[in-house]
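The structure appears right after this line, and notes come after that.
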Amino acid sequence: MNPKKEYLTPENIKIFKGEFNTINVYLVEEEILYKGVFVVSCFPISNPYNFISIFYQKETGEVEEIGIIKDISIFSEEEKKLILETLNKHYFSYEIRRIIDIRWKFGFLLFVVETDKGERQFYLKWERSRAIEIGKRGKILIDIFEDRYVIPDVQKLTPIEKNLFTRFIYW
Amino acid sequence: MEEIKDIKLETETDLDIFGNTAKIKIIVTPDKFYVIPEQGLQEKISFDLKRIEGFNIRQTVGSAFFQIKIDGQYIDILRFSNANRYKFTRLITQIQNLKAGLPFSNEILNQPHPLLCPKCGFPLQTEGEKCQNCLQQGAILLRVFSLLSEHIGWIFIIFFLMIIGVVLSLVPPRITKILVDEVLTTKKHVDWLPYLVIILIASEFIRAQINMLVGTISTSVGTLITNSLRKKLFEKLEELSLNYYDINSIGTIMTRFSSDVEAFHGFVTQAGQGFLLNIFMLIGIGIMLFSINWLLALYVMIPIPFVIFGTLIFWRGVYPKYFKVWDSQAKLSTFLNNVLSGIKTVKAFSQEEREFKRFTFYADNLKDTVRTVNINISVFNPLMTFLFGLGGLIVWYAGGKNVLEGKLTLGELMAFLSYIGMFYTPLTHLTLLSTWFSNFTTASHRIFEVLDTEPQVKEPKKVVKIARLKGEIEFKNVSFGYDPYQPILKNISFKIEPGETVGIVGKSGSGKTTIINLLCKFYDIQEGEILIDGKNIKEITSYELRKHIGLVLQEPFLFRGTIAENISYGKPDATFEEIINAAKIANAHEFIMKFPNGYDTLLGERGAGLSGGEKQRITIARAILCDPPILILDEATSSVDTESEKKIQDALSALWKGRTTIIIAHRLSTLREADKIIVIDNGRVVEIGNHMELMEKRGIYYNLIVMQTQLASIDGALIK
């Protein structure tokens, strides 16, 4: 990260669309163009849309931070949209809308769920580290392949679903 | 759509680049790379294979991108869920092979995921492990019984004694019947009274003796099994490679040792005193009840469905609540452990109030969960007592009527009522049999899972004894990654001559320690070979290899025991003289002698009571004592103060004379005298030479030296 720059602002960077759905960043003062950058949130759970770090990938494949956007709202609508689109690309999960069934077998839980991307089945290792809290009442379930399934609010599950869920994920 | 000819590789992904569920085909021909969406919002694209400079997988949170490098820039062209990561890692290798004219395979892309059982698709705990689903329940039980087979004689004795115990427990009600009918009411055989009482006393006394015996034998057999299982587990854990410990937390392994092994103990105890006993009791009492009066016996059966149903409903509801109690207890003890270990920090930052609030939260949580369970039990138990009583009340009514009508004697009624009292309790226990059994088989699975795990590092079948190594080391095109998808070492090669002192330098995460891990055979390499004295280390057992390697790590690890025991850890038969000599060379003797008990000073957990530098000097003495031909120092001085470092440096320079020494050092000044310095960057060897040669080269090593010199001069200026 450039130590001179405290944060990236519309004054010191320009963000625009590049080839193949990528975004490019131009550092105004340094006159450097970074192609195909990607962005990562510093606080993806507690403050996902502020303190957004911009990275670029070197020719060697290594990544390096260009800088941090403290406040996204000060950017133009177009730039904001590009940043958010790229940010969302960095995070992928299935949002669980309904729990159809949970079955235990030999230390694994087989979940049958309805998600925002359709009905899915996945195996979860029945371990505390595989079902972690998100926010005050949500849970992220990380399946055997490291795919992520989010229940935004466990309390909002129906009593039957909640009973089934907390029977196994009781922590 | 143009027809694609000469397809060499073909697969598909499950997401489009925007993260929508999609079906996108990837086709590779000798000249082109195609991305053809069948669903989703992505557009069809194709690239000339010649134009693609490289491939990469960029892992993000929950998914990953397949990248191609064009004009020096990596571009995300495909996206896939983590379930497909394995496939795309294989795809890169296959395309690279295709481009290089090497053999490639399309089948390999669509092989099942290595984390799934190829037979049934059930997940495996780790790659290559036996599928728990394919190991049938019967097979598990057979294995359990094979463990019990060593004690089969005792098990038969328990079985035999149990039957006698059950028969004896059926005697008192029978005697009561005779007592009432023949002695107390009809007074036909008044003289029988003392004999009947003696029989009652004798049967109770023998039953008590038998129960004591069954209890003692089953507990002894249980503890014997537990003990031999623990030994087997520990032996296995010592045999397993370090990657097993990377995957499984120490907490999980400890659980195998404690609760899972105890489940075996529970099995014998339960089998001896629990369910088998209950089955015999039920059968015995049933026979007695029907032999006295079949109709009355049928009345007794009326509450049975309610008892079974009630017990099942209760346990289905309450059992998960027990999990919550255990969870609350674990959270509270973890919290206490954490805070009390860091109490100095808590006090230093005046956070007592905040920690108290957090404690209150965990303590209240435990209180609530315990209360819920106890309330449930408080409701359940009286309800069950009522149901049991109901059976008695029916018998009182119907049996009483029979007595009044002369169809049943009073003695028979009394005996009947006694048997009923013994009838329902075994029934509730047997209702919970399935819960207990499933817990037991789960625990067994977990234990067998460890016992069946194959070490990642494969040992040669033939053990070759090595008298003494010369210390020549060669890495030939070695590639390795802890996660095979992300190689840490990429095709590295170098040679170290016997007796040379070699420094390995590079940034954090460049792969320095990985080189050491491979050399010590803590992990098996994935590509290439490592030769020691010209012999591939795959042909040498880990045990034999490590006997010739002395390792001093950054974090000195000392065991609970005396200083002398810690120094002689690698050579338990070392003489007192050898221990003192090693400590003197390691500059440790002086401080050891300041302790009242000298070398017999007992060290606490992880060497508590010693400073970082002192601990490190003991580990150096440990390495000196073994006199290894190859010595490895992995950041041995980076965590100690300057004065300690000086003493350790002096100790080390005495140590590396006459042996091959590999030093990973943070402070590069320590490597000036090294015969050779290997510079690692991003998993590759980028420079090799001595200090002067590398300084003249003005490459990465030169830059690191300049950076450290500048930092030292800033430090100097600050001191001035």
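Details
- Taking the helices alone, the protein assembly as shown has a mean residue ellipticity at 222 nm of -15000 deg cm²/dmol, built from -39,500 (n - 2.57) per DSSP H run of at least 4 residues and averaged over all its residues.
- Taking chain B and dividing mean pair separation by its residue count, relative contact order in percent (alpha carbons under 8 Å, at least six apart): 10
- Relative contact order [Cα under 8 Å, 6+ residues apart], the range B:521-604, whole percent: 28
- Cubic angstrom per residue, convex hull over Cα atoms of chain B: 277
- Cα long-axis angle, helix B:642-655 against chain B (0 to 90 degrees, to the nearest 10): 80
- For the residues of A:144-150, the average number of beta carbons from a partner chain within 10 Å of their own beta carbon is 6.
- The fraction of Cα-Cα pairs per 5 angstrom bin, counted from 0 for the range A:13-90, comes to 3, 16, 28, 29, 17, 6, 1 percent, rounded to whole percents.
- Averaged over B:318-329, number of beta-carbon atoms from partner chains that fall within 10 Å: 2
- Relative packing of A:141-151, B:381-391, B:194-204, which averages over residues the other C-beta atoms within 10 Å, highest first: A:141-151, B:381-391, B:194-204
- Anisotropy class of the range B:481-536 from Cα gyration tensor, a/c 1.5 cut: oblate
- The shape of the range B:1-76 comes out oblate: with a ≥ b ≥ c from the C-alpha gyration tensor, a/c is at least 1.5 while a/b does not beat b/c.
- Using a simple spin-label model with pseudo-atoms 7 Å out from Cα toward Cβ, residue B:302 and residue B:96 lie 8.0 nm apart.
- DSSP assigns beta bridges within the range A:94-168; of those with both partners inside it, close to 90 percent run antiparallel.
- Distant alpha-carbon pairs in chain A (separation over 20 angstrom), percent: 59
- Antiparallel bridges, percent of DSSP beta bridges restricted to chain B (to nearest 5): 75
- Crossing angle, helix B:700-719 versus chain B [Cα axis fit, 0-90 degrees, rounded to tens]: 80
- Stretch gain in nm, segment residue B:356-residue B:338, where the contour uses 0.36 nm per residue and the Cα spacing is subtracted: 5.2 nm
- Table column - 3J(HN,Hα) (Hz), the range B:314-321, Karplus curve with 6.51, -1.76, 1.60, x for Gly and Pro: 4, 5, 4, x, 8, 4, x, 5
- Exercise: per-residue mean of other protein chain Cβ atoms within 10 Å, A:53-62: 4
- Links that overshoot a 18 Å alpha carbon limit, given the list B:615/B:646; B:495/B:535; A:105/B:324; B:521/B:547; B:344/B:367; A:139/A:162: A:105/B:324; B:344/B:367
- Counting every C-alpha pair in the range A:94-168, the share spaced more than 17 angstrom apart comes to 36%.
- Size-normalised alpha-carbon gyration radius of the range B:107-210, reference 2.2 N^0.38 Å: 2.25
- Straight-line cross-link reach from residue B:347 at under 15 Å between alpha-carbon atoms covers these aspartates and glutamates, not counting any fewer than eight positions away in the same chain: B:355.
- Beta bridge orientation in the protein assembly as shown: antiparallel %, DSSP, nearest 5: 80
- Of the trypsin sites (Lys or Arg not before Pro) found in the range B:155-198, those in coil by DSSP whose Cβ has at most 15 other Cβ atoms within 10 Å are B:187, B:188.
- When only alpha carbons are used to place a centre, the range B:18-91 and the range B:514-592 end up 46 Å from one another.
- Anisotropy class of the range B:328-483 from Cα gyration tensor, a/c 1.5 cut: oblate
- Per the Debye formula on identical point scatterers at the alpha carbon atoms of the protein assembly as shown, with no solvent, log10 I(q)/I(0) at q = 0.05, 0.07, 0.10 Å⁻¹ is -0.45, -0.81, -1.39.
- Within the range A:94-168: Cβ-based charge dipole about Cα centre, in debye rounded to nearest 20 (Lys, Arg +1; Asp, Glu -1): 260
- Within the range B:360-461, GluC sites (Glu not before Pro) in DSSP loop having at most 15 other beta-carbon neighbours inside 10 Å: B:405
- The relative contact order of the range A:1-144, computed from alpha carbon pairs under 8 Å that lie at least 6 residues apart in sequence, is 15 percent.
Any read-out appearing in this document is the output of simple, stated calculations on the displayed coordinates, not a laboratory observation. Predicted model, so just to flag it, every value in this text is computed and none were measured. Ideal geometry is used to build each Cβ from the backbone, glycine not excepted, and the neighbour counts take in all protein chains shown.
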